[in-house]
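One structure is given here, and the rest of the page talks about it.
The values are calculated or read from the model by the stated rules, or taken from the named source; none is laboratory data. Source: prediction; values computed, not measured. Reconstructed Cβ throughout: ideal geometry from the backbone, glycine too, with neighbour counts over all protein chains shown. Areas reflect the complete protein model, heavy atoms only, side chains present, ligands, DNA and RNA absent. Shrake-Rupley method; radii C 1.70, N 1.55, O 1.52, S 1.80 Å.
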Amino acid sequence: MSSPAADNDLWNDDLAPTGAAQRTWRWYHFAALWMGMVMCIPAYTLSASLVEAGMSAWQAVLTVFLANAIVLLPMLLIGHAGTRYGIPYAVLARASFGTRGARLPALMRAIVACGWYGIQTWFGGSMIYTLLGVLAGHEIGGERIAGLGINGAQLGCFLAFWAIQFWFIVHGMESIRKLETWTAPLKIAICFVLLAWVYDKAGGFGPLLDKPSAFVPGGPKEGQFWTTFWPSLTAMVGFWATLALNIPDFTRFARSQRDQVVGQTVGLPVPMGLLAALAVIVTSATVVLYGKALWDPVDLASRMTGVAVLVALVVLLVDTVSVNLAANLVGPAYDFSALAPRRISYRAGGYLTAAIALAMMPWKILESTQGYIFTWLIGYSALLGPIAGILMVDYYVVRRTRLDVEQLYRDDGAYGYADGLLRGWNGAAIAAFAAGVAPNIPGFLNAAFPDAFPGVGAGFKAIYAYAWFVGVALAALVYGVLMRARARR
């Protein structure tokens, strides 16, 4: 596609609108993509965190299902622009934040995705570590490396899995889509095989299914359900908040709006709820089999015998590769490319994502359930929620779904906001983003650094429990008011 005439355009082949010939994805491709991403280890362990927090098995399942039904709405709304105009998230953000200001939401989304890429890579490395231990007949490794907190074998396996994923970075988007399409049915079949295995071994599905929640009268957390439910729901929404923003990176390949809507609706909420149910059922059976609840599927796979352990770990490895690339590589690769379109290609963005994931030492994020939910999941949802609110109000209320695609690639065009203090930056979007994030900062500091910020008031802690929702609502309101005032000038 040819570039606009201006010398200062932001055109880049990786960010250019997809042509009609490239829009080949049907609804079942999106359904397969989501089913492939849903069937992953972090999603499996989400129910674990809820049950550990005191919920009953079915309360945990319903919480996960509800959260995914909620986050589906912004995915469908934001995904509309990708299908209609063939543009990725990093370009869509230029309409609201400005051609240069869009680098801020692109960077926010990219950094979060790098963290997720590292977490999934750590899970993959852990599987290799476990598999090698099973083959050796004993645990491998040795003393922990000072400053890292893991041993040499764990580090080596992490780096090995990190390297495996480079093949797909090199071969691009279509190789990732094909991997998801082919692995999704396999992972669904494995889930049913796992159910049959635990039912046969345990003689049933175990005691956790009948265990009441800790919030019932006489329970250890009597009357505390809602104080646990709301932050947990926010964390579950936050789990897919990254994809809710960069969903245009995928929907830009859809043949029609119907394909993206049906595919996402079929592929996300129900499979996520079913996976949560599977996690609870299988874990319930492990209480009978091993005398304790095993929420980590890698740990469970390592306890199987014979060829079963090899098959289980290989399937988990393939699963982790497919999920990590689709959910955590595509978005930040586009986002980093948008930061410097002439210098960073989509592939270079992928390399940068992988490099940052190494530096973030993801195993430290996962050291505790408290840190995983209240610091990581809710913390970044406080950043991404305001961006989602701004994008939706801009596209549907301000623009009425009408965009001038060529102008999105020009600094001196309609989305350059040349009348503002900074050329290429929309001050209304920046102010709305700040307004959406600010109320959540005290609660985040208390959750992340409780010893350093012990005096945060109960009100700020309560606001932080609803971080994503607060951010979406405040940013959307402020942006709508400021853009209406701008239009009246």
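For the reader, a short list of remarks on this structure follows.
- Segment 241-282 - residue that is open to solvent by 10 Å² or more (accessible area, probe 1.4 Å) and of a type in the set (D, E, K, R) and, of those, farthest from residue 83 (Cα to Cα): 258
- Within segment 315-334, tally of residues that are β-branched (Val, Ile, Thr) and at pLDDT below 75: 1
- Selection from segment 428-442 of residues that are open to solvent by less than 10 Å² (accessible area, probe 1.4 Å) and either among the aromatic types (Phe, Trp, Tyr) or touching a Leu at 6+ places or on another chain (Cβ under 6 Å) (or both): 436
- Some residue of segment 24-35 being among the hydrophobic types (A, V, I, L, M, F, W, C), surrounded by 21 or more Cβ atoms within 10 Å (Cβ to Cβ) and at pLDDT below 75: no
- Within segment 149-168, being surrounded by fewer than 17 Cβ atoms within 10 Å (Cβ to Cβ) and part of a loop (DSSP other than H, G, I, E, B) holds for one residue alone: 149.
- Here residue 437 clears all of (1) in a loop (DSSP other than H, G, I, E, B); (2) at pLDDT 95 or above; (3) under 26 Å from residue 228 (Cα atoms) except the condition numbered (1).
- Pairing each residue of segment 265-289 that is in contact (Cβ under 8 Å) with a residue 24 or more places away in the chain with any residue that is surrounded by fewer than 24 Cβ atoms within 10 Å (Cβ to Cβ) and β-branched (Val, Ile, Thr), provided the two are 6+ apart or on different chains, yields C-beta distances under 6 Å for 282/198; 285/198.
- Among the residues of segment 405-455, those that are among the hydroxyl-bearing types (Ser, Thr, Tyr) and on the phi < 0 side of the Ramachandran plot comprise 409, 415.
- Residue match in segment 410-427 (condition: among the hydrophobic types (A, V, I, L, M, F, W, C), within 30 Å of residue 252 (Cβ to Cβ), buried (at least 16 other Cβ atoms within 10 Å of the Cβ) and modelled with pLDDT of 90 or more): yes
- On the stretch given as segment 126-164, residues that are at pLDDT below 80 and of a type in the set (Ser, Thr, Tyr) total 0.
- Test: residue in segment 454-476 that is under 23 Å from residue 91 (Cα atoms), of a type in the set (Ser, Thr, Tyr) and surrounded by 18 or more Cβ atoms within 10 Å (Cβ to Cβ): no
- For residue 449, the stated conditions hold: it is surrounded by fewer than 17 Cβ atoms within 10 Å (Cβ to Cβ), among the hydrophobic types (A, V, I, L, M, F, W, C) and within 24 Å of residue 49 (Cα to Cα).
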